[in-house]
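The next block holds one structure in the form of structure tokens; read it before the comments.
The values are calculated or read from the model by the stated rules, or taken from the named source; none is laboratory data. None of these values were measured; they are calculated from a predicted model. Reconstructed Cβ throughout: ideal geometry from the backbone, glycine too, with neighbour counts over all protein chains shown.
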Amino acid sequence: MNPVLKVENLQKFYKTKGAVTKAVNHISFEVEQGEYIGIMGASGSGKTTLLNCISTIDKATAGQILIQGQNITALSENKLARFRREQLGFIFQDFNLLDTLTGRDNIALALAINGVKPGQISRLIEQVADDLEIKAILDKYPYEMSGGQQQRVACARAIVTKPSLILADEPTGALDSKSAGMLMESLSILNERKKATILMVTHDAFTASHCKRILFIKDGQIFNELVRGEKSRKKFFDEIMQVISFLGGDNNYAF
Amino acid sequence: MLSNRKRFESQSSLHGFFRKLSSKNVKKSAKDYFIYFFTLMLSVCLFYSFNSISTQFASLGLEDPLSYLAFSSTVLTVFSVLVCIIMGALVVYANRFLLRRRKREMGIYAVLGLERKDLNRLLMRETLQIGVLSLLAGIGLGIFAAQLLSLATARLIGISLTNYHFMISGKAIVLSVLFFGILFLFVHMFNVKELKKMSLLEMLHAGKKNETAGEGKRGFSVLLGIISVLFILGGYGLVFVMSEKDTFKALAVGGLLVIIGTVCFLRSALTISTGLMKRNKRRYYRGIHIFTTSQFTSRLKTEGSSLAMTAVLLFLSFSLTILGPGLGKFVMNGIENATPYDGTIFYAPMAGNTEAGGDPLEYLSQSGFRINEFSDEYADFWTYESPEITAGFLSGKEGREAEKVPLTIIGLEDYNRILALQNLPPVQLAEGEYAVSYAFPAMKEILKVFQQEPRPLKLGDSTLTMADDGIFHHGWENTNILAEQGTLIVPQHLAESLTPQRWFMNFNFTREGDDLNLELHNRWVDAGLNGYVMWSREEALVSLSSDNLLVTYLGIYLGITFLITSGAVLALRQLSQSSDNIERYGILKKLGVSKRDMRRSLRKQLRVYFGLPLVLAVLHSAVTVFAVFRYFEGLHLAVIASVIGFGALVILSVYGVYFIATYLGSRRILEL
């Protein structure tokens, strides 16, 4: 089976007055269909830059990113926009719902942009709202919802177009622990029932413990990889904490 | 001692810091300030150009012994105060707007430990920098615009450009610096006040506030919409129908109704139309239509009033820019018949006091004004009236106040004597006939109708019929008002049987002289004659031209002022909306909407915001202009078309610049 995402030798350099910052330095990995992969790292490790490159918001300096076999580093601006709306779904830390639209219309917008026929839109929204249990808040405006509710609407928006890859950037970053737990449930539902492929960037071990596989990034390079396999989430969480403390210990050399 | 020095050093370093910070801020936000700067520059340019009129006269070599032109330029300067107040309101509004956008920045400065006093100083520096820059640019631009204006002035007054030379008006520069200096002082005071009102918490959290998007009440909006249309139509009706009787009252009340209607209309229009757009699900769910619609719904309440303000200002702008020059053209219409002689003197004795002064000609001589010194070619005569024969006799209309004025009657022999002074053939009348004479185009149509069915004229016991071809196109006096009711010419003995009303004397110079007009004028003033009025040809022409100049320039001046105001208000609002929208467009971009589609949505929004007030303003001003132009009888269609074309061109091009600047500015802000 072809991987959904294939990152090959990806590099992203920032040049500032003589100095070169290697934000992403020779990273390669693959994501299979139906995977739920997490990327962890301290702030400044390059994980957000990596996500931005994959999500086509940023351009890579060198290397290739293949999504469904298509090399996105070679696409033009217009083709990228089209690619984004057809192949990718986004979940952001700060929800990024349009405050001028109700939950329903926020979801409808993603469908309308993709050229889904107006007649089908309502049906698709009802379906996804059922799955994510957000029916009651569909006709509210974002400012009338709690953060967790907003993020679940954002999830619905990300999945409703049936993208080949969902990218989540610190989705629990702005949520309290209870809402974060509920959101992770929702993502798990998307992954298991809807067979959605999810790539999530986070620095929170609890959030990451929901993933099936975790890549650790440090100084722009892959530092470690953990696979959950048949382990319980508690066990997996402990493993993650170990890696993190090791990563953090690294810093202590400075003192 | 040491501590003093230290304080001084820290102060001066703070000083340098301010200088750098303020100029950096201005540079950084130069693009945001572009509209503001552009507007200020345009207003200074306008202000300078219209206040340099008197210098323009001098550069054209125009003499103005009776100070008619000086009067015109003074009136323009007086109106400049009004212009300045309007501009001041605009600048304060714009500044407050820009300041609010920078709350957060100010908050960070305050957290870093700058005192309010320092913040005020920072703001003052910025205001000063922008002020000085726009003043310099505006005066620079104004100096060139004034050259163009003086060419237009030369054309309006009808003199050649032989004397023209490049001019810079010191007076206008001083006035511009003074007026705008005061204005900037006010702006600064408002800034300080605005800053004082903000709490630090509010400053730091600016821009984080949730916007409460909501839908207006549909039923209420529909009701408001219906009422607004009724108001507008009522206003139109009033302007059209009522203006027959009392033009100014009708225009004022009608205009007010239209303005109220416009405000209500725009408040309800967005709610109703977005409601309709949402109802049509097929259209609503196509592409980013949902987004475009929501952009309108989320701003219903605030935008309604700003759109209404724009529409009203544009309406005033259109009307003034067209009606001013139109009135000017009307004032000058028929000028070729305004001064048939080198001079006219007239005298209107108090009612029933005709004989008291004796022979006016003799009285003139006794007072020291001897016509023989200037002319052997003169003719004096009395005009007569009969209370029953009023203007309505010729126009066939009754009722209006203007139709109740008695017509001027001149005896045939007198009339032929004054025609002879113009080397015109005499009018022939048989006994029992009368003729009608008119000087200006407005009467032409009325008399054409009258000629179809001429009415018999009853004077005392005799009844006169109109002579065949008894309508003559003559001017028989020098005048500075090109309006008339028509003049009746009747056999001499019949005229003399009526009560004499006014005494006239027309004359042509028969003596050579370097400056006869000036000599004449001085002699006339020396004689100090009470109740007598003299119009020399030159004076009458200058008086007419300065009237023309005054109304034309006043219309354009105020019109452009309103135009700039409306354009700037709209542009600033839209630009600031665009900065508020950065996040929203960012989401769209991440969702995979192409830049082309987003630009299309942006254009659609701007088209509505700029187009809606424009359409309403054009409609309103079309009705107003049409209603007023009905009274400018005798004005050629080509002249009317040129006046309207000029106004439309000026307004659409300036408005267009604001539209394009807003679109490009928004694209830059949204990175589209």
Within the group B:MET167, B:MET198, which residue is closer than 20 Å to B:LEU42 by Cα and modelled with pLDDT under 85? B:MET167
From the option list A:LEU183, A:LEU199, single residue qualifying as surrounded by 14 or more Cβ atoms within 10 Å (Cβ to Cβ) and touching a Pro at 6+ places or on another chain (Cβ under 7 Å) is A:LEU183
Could you check, for the range B:317-332, whether at least one of its residues is within 14 Å of chain A (Cβ to nearest Cβ) and over 27 Å from A:ILE113 (Cβ atoms)? no
Does any residue in the range A:215-231 that is at positive phi come within less than 7 Å, Cβ to Cβ, of a residue that is part of a loop (DSSP other than H, G, I, E, B) six or more places away or on a different chain, and which pairs are these? A:ASP219/A:SER45; A:GLY220/A:GLY46
Please determine whether any residue of the range B:158-172 is of a type in the set (A, V, I, L, M, F, W, C), out of contact with any Gly (no Cβ under 8 Å at 6 or more places or on another chain) and in a helix (DSSP H, G or I). no
Hits in the range B:513-530 - residues which are touching a residue at least 24 places away in the same chain (Cβ under 8 Å) and surrounded by fewer than 14 Cβ atoms within 10 Å (Cβ to Cβ): B:ASP526, B:GLY528
From A:LYS117, A:LYS135, residue being within 21 Å of B:ILE288 (Cβ to Cβ), free of Cβ contacts under 8 Å to residues at least 24 places away in the same chain and surrounded by fewer than 16 Cβ atoms within 10 Å (Cβ to Cβ): A:LYS117
Residue check, A:SER146 against (1) surrounded by 20 or more Cβ atoms within 10 Å (Cβ to Cβ); (2) more than 8 Å from every other protein chain (Cβ to nearest Cβ); (3) within 19 Å of A:GLU170 (Cβ to Cβ), all met but one. Which one? (1)
Touching a Leu at 6+ places or on another chain (Cβ under 8 Å) and within 16 Å of A:GLN149 (Cβ to Cβ), is that true of A:LEU187? no
If we keep only residues of the range A:161-180 that are among the hydroxyl-bearing types (Ser, Thr, Tyr) and over 21 Å from A:ILE125 (Cβ atoms), then the residue surrounded by the most Cβ atoms within 10 Å (Cβ to Cβ) is A:THR172
Hey, does the range A:54-68 have a residue that's at the interface with chain B (Cβ under 8 Å from one of its Cβ atoms), within 17 Å of the chain's Cα centre (by Cα) and free of Cβ contacts under 8 Å to residues at least 12 places away in the same chain? yes
So, first residue within 20 Å of B:PHE17 (Cα to Cα) in the range B:113-139, second residue part of a helix (DSSP H, G or I) and among the β-branched types (Val, Ile, Thr), Cβ within less than 7 Å, six or more apart or across chains; the pairs are B:ASN120/B:VAL192; B:GLU126/B:VAL26; B:THR127/B:VAL187; B:GLN129/B:VAL26; B:ILE130/B:VAL26
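Let's see how each residue does on (1) more than 8 Å from every other protein chain (Cβ to nearest Cβ); (2) in a strand (DSSP E or B); (3) within 27 Å of B:THR274 (Cβ to Cβ); (4) under 16 Å from the mean Cα position of the chain (by Cα):
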| residue | (1), (2), (3), (4) |
| --- | --- |
| A:ARG85 | no, no, yes, yes |
| A:PHE90 | no, yes, no, yes |
| A:ASN96 | no, no, yes, yes |
| A:THR100 | no, no, yes, no |
| A:ALA110 | no, no, yes, no |
| A:GLN120 | yes, no, yes, no |
Out of all the residues in the range A:25-54, which are more than 14 Å from A:PHE216 (Cβ to Cβ) and in contact with a helix residue (DSSP H, G or I) (Cβ under 7 Å, 6 or more places away or on another chain)? A:TYR36
Tell me, please, whether a residue that is in contact with a Lys or Arg (Cβ under 7 Å, 6 or more places away or on another chain) and under 27 Å from A:GLN242 (Cα atoms) can be found in the range A:8-28. yes
Filter the range B:579-602 for residues that are free of Cβ contacts under 8 Å to residues at least 24 places away in the same chain, in contact with a Lys or Arg (Cβ under 9 Å, 6 or more places away or on another chain) and small (Gly, Ala, Ser) and give the result. B:GLY592, B:SER594
Within the range A:144-234, helices (runs of 4 or more DSSP H) holding 3 or more residues that are at pLDDT 85 or above and farther than 25 Å from A:GLY46 by Cα: A:147-160, A:177-193
When (1) at the interface with chain B (Cβ under 7 Å from one of its Cβ atoms); (2) surrounded by fewer than 23 Cβ atoms within 10 Å (Cβ to Cβ) are applied to A:ALA81, the one that fails is (2)
Picking from B:GLU431, B:GLU484, B:GLU477, which residue would you name as being under 23 Å from B:SER386 (Cα atoms), part of a loop (DSSP other than H, G, I, E, B) and at pLDDT 85 or above? B:GLU477
May I ask you to list the residues in the range B:277-296 that are in contact with a Ser or Thr (Cβ under 7 Å, 6 or more places away or on another chain) and within 7 Å of chain A (Cβ to nearest Cβ)? B:ILE288, B:PHE291, B:SER294, B:GLN295
Of the residues in the range A:30-62, those that are in a strand (DSSP E or B) and surrounded by 18 or more Cβ atoms within 10 Å (Cβ to Cβ) come to A:VAL31, A:TYR36, A:ILE37, A:GLY38, A:ILE39, A:MET40
Here are some conditions: (1) over 16 Å from the mean Cα position of the chain (by Cα); (2) within 13 Å of another protein chain (Cβ to nearest Cβ). A:ILE134 meets all but one. Which one does it not meet? (2)
